[in-house]
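Here the structure comes first, spelled out in structure tokens, and everything after it is commentary.
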Amino acid sequence: MQDEMTTVAKGSVAVATGNVVIDAAVDLRKRPRIREALIQGFLFLCGALSILTTVGIVFELGKESLSFFSQQLWEDTNKQLVVAADVEMTTFEIVEGGKALQGGDIIRINDEVMRIVVLDGGLVTVERGLQGTRVVSHSAETDIFVSNKVSLTEFFTGTKWNPQIGQFGIWPLVTATLMTSAFAMIIALPLGLSVAIYLSEYASDRARGILKPILEILAGIPTVVYGYFALTLMTPLLRKVLGAETVQIYNTASAGIVIGILILPLVSSMSEDALRAVPRSLREAAYGLGATKLETAVKVVVPAALSGITAAFIVATSRAIGETMIVAVAAGAGPNLTFNPFQSAETMTGHIVRISGGDLSYDSIDYNSIFAIGLMLFFVTLSLNVISQRIVRRFREVYE
Amino acid sequence: MADQQVRTQGTASLPQGEGFQENFAARHRAGRVWYVVFQASTIIGIVVLTALLYNIVNGAFGLAAIQNEVNPETLAVEGVPLDKLDKQHLVDILQQNLSKGLLRRFESEQPFAERTREDVYDLVIERVVEPQVVHTWSLYDSLFRRSAVLAAAAEDYPDARIEFMSWIDPKFVTTPQSSDPEKAGVRTAILGSLWTIAITIVFAFPLGVGAAIYLEEYATDHWVNRIIQTNINNLAGVPSIIYGMLGLAIFVRALEPLSSGTLFGLTDPTTANGRTIFSAGLTLGLLILPLIIINGQEAIRAVPDSLRRASYGLGATKWQTVWHHVLPNALPGILTGTILAVSRAIGETAPLIVVGASTFITVDPSGPFSKFTTLPIQIYQWTARPQDEFRNIAAGAIIVLLALLLALNASAVLLRNRYSRRVRS
Amino acid sequence: MISLTNGQKRPFATLSSNGEYAIEVQELRVHYGDFMAIKDVNFRIERQKITAIIGPSGCGKSTMLRAFNRMNELVPTAWTEGEVLFQGQNIYAEWVDPVQVRRHIGMVFQKPNPFPKSIYENVAWGARINGFQGDMDALVERSLRQAALWDEVKDKLYQSGLSLSGGQQQRLCIARAIAVEPEIVLMDEPASALDPIATLKIEELMRQLAQDYTIIVVTHNMQQAARVSDRTAFLMMDEDRAGYLVEYGLTKEIFTNPQDKRTEDYITGRFG
């Protein structure tokens, strides 16, 4: 030891740090590691990119939706000026009939925008030159257009969706989405939970070894293939069983059932994870009291895993709502407000895909409208996912 | 049955205690019933998978009634049938039956003098005889109800010949898209898919793995990091069509100079807009990014801490530890997860339709700034057509897609197994 | 009919020669696949006494205990030879329903494992699935009193069973087990996960319970066995790691004057 120390002392280094001189054998100071810092910065940016994505989604969807709701559409009132109007006049005579106008309505004649102040029979008094338009004279028999904005109330309560003619009620799309999702849930939730119980409580290792890969395969099949399946097998099957008059070629029931099949593996694998997480000691306690396997599985294990199972259900619902290709292929084109699942109807997602698959010019009413629908879809699925995470966190069972 | 009696007799001698009603038989019965129910529900999964595969195979093979526009027998020259004519006679037939414009086009593509006799014969068949598929039957019908099919064909399509067609064959994979179902192939779509996925991987893999490394190795419990983590978890659950809309708004529209290639002077002359493979690839990249990150995190978390401690103990920096020790150890898991994410991306249809996949292109993509179509989109378009034959080729394309995915997933499983074997040894 | 200390009357089916003994073990062998865990065990456990099973760790005490209520069968590779007679009937006979066996021969486990349900529900659940039609409130109170837990939980019956301390949870598990009115209660090292004070409470409880039930307790704590039990069985492992019964007799005798040298060695701490 003594020799070592001497040798070290011989090779010692005098290091100056500020006013302190350290007579040290090794240099232990921190040194700037630029490469490390750069790499760490790059990696942080990779992570932060995800935030950018979310911001991007909210921003773009929001921007176009805003545009959608504030866009001014001019609807032809089928009224015209009876007499020519010059730049001085503030009261015009207009034709009776056509679309009814009210005080406060914004109207447009040629390029000039005006606001109706007083409406008295065939005479209308206006405030002229609004929205930056120039006050000009207009000849007789010029068409009058009235401004038709999309109001939020109309959006959420209207029952017809036809942007081209100014109808913006989202209900036909929403009911179609609800119907397909309902069918999907009816299929997937009971079956998925049942499969999960079987796999976790009853199945031998060999059975599990066969069944789990099959479920994984089902989960990995692209949705467009499921769409083909819905159209070419499920629909003809439904038509044969229930009659070709009851079931149309495009219908929401067929699409809904196949969506259920699509999400079944999701429900079963998440539920199974939850069930397997229940410790063995609980099952032993139940058996020790003279419970049968069924009673143990259903009355002890499933309640103990309830938060995980609920989360699975919610996530699966969210997935069903967001499903696009199956409904695009099999449910039908064209919004249709109906509660008959055997008729064709278009869901929110199917509508977005159909509209954007065609010729779509930026800033047209169609373009903006799909973003409004998309925004709603985003919020619904996001809320469901957040709720499911909250449930898992808050009600996560403590077993010990 | 004797067993049953003995059983109840035996157990009846066990006291029940006050207040307890014997109910063992009922409970066991219930147990048996529900066991069957649970088992049956798993069988449904197998049944559905079989039905799906059966359905697809049923559509991809079968008898077809083929009718010729022009009867080849009428084209015989001096008693010599069409298939025995020499090249000069065949060229004559073409000149007699095709328009001038068409002849000029063929000549300019490749002069008749240079074409082989087989080429010219094919052209005659394609353009003059023009066989058309007028009806198809499913494989099941073709195999098990053959006589009924032949009878129906004789009645409805007397001029047609019945041939067994497999709509998927090697030619299918190498022929480009066409509006004619008999001639259409999936080559354009496959190349489109491959180009798109290449861009997706180049974009998403480094960023995803980088984010995963950051979150697992560098991130402290700061609120920013927690937000990033929650955010990624939420993004994984966003419907894929929303990603398509994001891609449309940002990559196609806002970044048009970049995505159309104008910035690099590489625009596709027929497009000159942002609906290119580049935009499609990036959109899919954003879609699978959360999956790669979450999976990467799990793989990195699984690396035993003792490895890191050994590295630090030798005086290595964090990045050196990560690069030389953690990453190599986590790599198989990361790769497996990436392969699975990629196979998910290959099957995605909705986001790419929104981004603007072309409805009809016959030219192979030449680079990242070309118009694009992908295999699932092709399937969608063919499925949506009313004619039966398009369903058949859709089924064929589905088989190609499933084969591709099977290969990918099989390699992921192999990788996983090799990895776990290595760790165990 | 026998009257229990709490005033309950219970029928006791047979008073045949096997009526004195709660359990008669004959040539018992327990296997896990190819591995024999318990070898050739023969003895008779008297009813309404506390019988302790002691021995070095890993010798198969738990396995043997679980053989008494067919809990071993939860492990797929387990199989048994020999006979375990309960009230004159071999519980391993072809026609016997293991579910019923476990109703009559209850179990308390090493680590307290109450259900994630309310205290009330924990106690009531077993009785309910076994078809109890009577006054559930009374049954729950009775069971909790017998488990010396009633006073501590009577005001919070609907709180979660997991909100109790470790010792209380174990007493809850005991209450749960006796609520289905078994004849025998098997206890697998019931106090090993508890602190000394809780342990003493459990031991006290065992003595009280022995007035109404037959208790068989596995313990690695010799002092506990000496304090609490009336009879003791000493198990050991042979070269093939199969457990076998070395000696069985009155606790007093085993601990002061063991017949077998191996027992003496274990008791005096020379190994184990």
Accessible surface, chain B, averaged per residue in Å² (probe 1.4 Å): 48
Springs between alpha-carbon atoms under 10 Å, Gaussian network over chain B: tell me which of B:Arg104, B:Arg187, B:Arg127 tops the mean-square fluctuations. B:Arg104
In the protein assembly as shown, with Lys and Arg counted as +1 and Asp and Glu as -1 at Cβ, which of these residues, B:Gly45, B:Leu94, B:Val149, has the Cα nearest the positive end of the dipole, that is, farthest along it? B:Gly45
So for region B:207-303, averaging the separation of alpha carbon pairs under 8 Å that are six or more residues apart and normalising by length, what relative contact order in percent results? 42
Springs between alpha-carbon pairs under 10 angstrom, Gaussian network model over chain C: which of C:Leu144, C:Leu74, C:Leu205 fluctuates most? C:Leu74
Here the FRET efficiency for A:Ser364 versus C:Tyr158, based on Cβ atoms and R0 = 60 Å and rounded to 0.05, is 0.45
Per-residue ³J(HN,Hα) for region A:128-136, Karplus 6.51 cos²θ - 1.76 cosθ + 1.60, θ = phi - 60°, Hz, x for Gly and Pro: 9, x, 8, 6, x, 8, 8, 7, 9
Mind checking A:370-381 for the average number of partner chain beta-carbons within 10 Å of each residue's beta-carbon? 3
In what sequence, largest accessible area first, do B:Thr230, B:Thr74 appear using a 1.4 Å probe? B:Thr74, B:Thr230
The long-range amide H neighbours of C:Gln48, using H built 1.01 Å from N in the peptide plane and a cut-off of under 5 Å, are C:Thr214, C:Ile215
Chain B, relative contact order in percent, only Cα pairs under 8 angstrom and at least six apart counted: 19
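Any idea what the relative contact order of region A:74-147 is, in percent, if you count C-alpha pairs under 8 Å spaced at least 6 apart?
Working: 177 pairs, mean separation 31.8, N = 74.
About 43 percent, as a whole number.
For region A:184-251, which GluC sites (Glu not before Pro) are in a loop by DSSP, counting at most 15 other Cβ atoms within 10 Å?
Those satisfying the criteria are A:Glu245.
Magnitude of the Cβ-charge dipole of region B:70-138, K/R +1 and D/E -1, about the Cα centre, nearest 20 debye?
220
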For peptide B:249-262, how many partner chain Cβ atoms fall within 10 Å of a residue's Cβ, on average? 2
For chain B, what class follows from the C-alpha gyration tensor (a ≥ b ≥ c being the square roots of its eigenvalues): rounded when a/c is under 1.5, otherwise prolate if a/b is larger than b/c, else oblate? oblate
Among A:258-266, A:325-333, B:304-312, C:107-115, what's the highest-first ranking by average C-beta atoms within 10 angstrom per residue? A:325-333, A:258-266, C:107-115, B:304-312
By average Cβ neighbour count within 10 Å, what is the ranking of A:72-80, A:84-92 from highest down? A:72-80, A:84-92
Stretch C:Trp95-C:Asp265 to full length: gain in nm at 0.36 nm per residue minus the Cα-Cα span? 56.9 nm
Between B:Leu406 and A:Arg280, what is the label-to-label distance in nm when each label sits 7 Å out along the Cα-to-Cβ direction? 3.8
When the accessible area of the protein assembly as shown is computed with all protein chains present and a 1.4 Å probe, what percentage of it is carbon and sulfur? 57
Ignoring ligands and nucleic acids, B:Leu263 exposes an accessible area, probe 1.4 Å, in Å² to the nearest 10, of 120
Please calculate how many Å² of accessible area chain A carries per residue, with a 1.4 Å probe and no DNA, RNA or ligand atoms counted. 47
How about region C:74-175: which GluC sites (Glu not before Pro) there are in a DSSP loop, with at most 13 other Cβ atoms within 10 Å of their Cβ? C:Glu94
Please give the length that would be gained between B:Trp223 and B:Gln95 if that part of the chain were fully extended, namely 0.36 nm times their separation in residues minus their C-alpha to C-alpha distance (nm, one decimal). 38.3 nm
Those helices of chain A passing the 30 Å axial Cα length cut-off and the mean Kyte-Doolittle cut-off of 1.0 (DSSP H runs only) are A:34-70, A:171-197, A:252-276, A:365-395
In order over region A:327-333: 3J(HN,Hα) from phi, Karplus 6.51/-1.76/1.60, θ = phi - 60°, whole Hz, x for each Gly or Pro, gives 6, 5, 7, 10, 8, x, 10
Mean ellipticity per residue at 222 nm, deg cm²/dmol - from DSSP H runs of n ≥ 4 across chain C, formula -39500 (n - 2.57): -9000 deg cm²/dmol
Helix axis angle, B:187-213 relative to chain B longest principal axis, alpha carbon, degrees: 20
Could you compute how much accessible area chains A and B hide from each other, both sides summed, with a 1.4 Å probe? Nearest 100 Å² is fine. 6600
In whole Hz, the Karplus estimates of ³J(HN,Hα) for region A:294-304 (6.51, -1.76, 1.60; θ = phi - 60°; x where Gly or Pro) are 4, 4, 4, 5, 8, 9, 10, 6, 4, x, 5
Cα-based count: Lys pairs in chain C below 29 Å, eight or more positions apart or different chains? 28
For the B:Ala26, A:Val298 Cβ pair and Förster radius 25 Å, calculated FRET efficiency rounded to 0.05 is 0.95
Region B:326-404: which chymotrypsin sites (Phe, Trp or Tyr not before Pro) are DSSP loop and have at most 13 other beta-carbon atoms within 10 angstrom? B:Phe360
Label point 7 Å beyond Cα of A:Glu88 along Cβ direction - residues of region A:120-150 with amide nitrogen under 13 Å: none
Leaving out same-chain residues fewer than 8 places away, which lysines sit with a Cα under 25 Å from that of A:Lys63? A:Lys149, A:Lys160
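How many Å² of accessible surface get buried when C and A come together, counting both sides, probe radius 1.4 Å, rounded to the nearest 100? Mind showing how you got there, number by number?
Values: alone 12850 and 22930 Å², together 33970 Å².
Answer for the C-A pair: about 1800 Å² buried.
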What distance in nm separates the simple spin-label points at A:Phe395 and C:Glu204, each placed 7 Å from Cα in the Cβ direction? 4.0
Candidates B:Val133, B:Val252, B:Val202: whichever shows maximal mean-square fluctuation once chain B is modelled as a Gaussian network with Cα springs under 10 Å: B:Val202
Could you give the angle, 0 to 90 degrees to the nearest 10, between helix C:119-129's Cα long axis and the longest principal axis of the Cα atoms of chain C? 70
FRET efficiency, A:Ser151 to B:Ala254 (Cβ-Cβ, R0 22 Å, nearest 0.05): 0.15
Run the simple label-point estimate for C:Glu83 and A:Asp111 please: 7 Å along Cα→C-beta, distance reported in nm. 11.1
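The values are calculated or read from the model by the stated rules, or taken from the named source; none is laboratory data. Only a predicted model underlies this, so the values are computations on that prediction, with no experimental measurement involved. No Cβ is skipped: glycine too gets one built from the backbone with ideal geometry, and neighbour counts run over all protein chains shown. Surface accessibility is based on the protein's heavy atoms, side chains included, excluding ligands, DNA and RNA. Shrake-Rupley method; radii C 1.70, N 1.55, O 1.52, S 1.80 Å.
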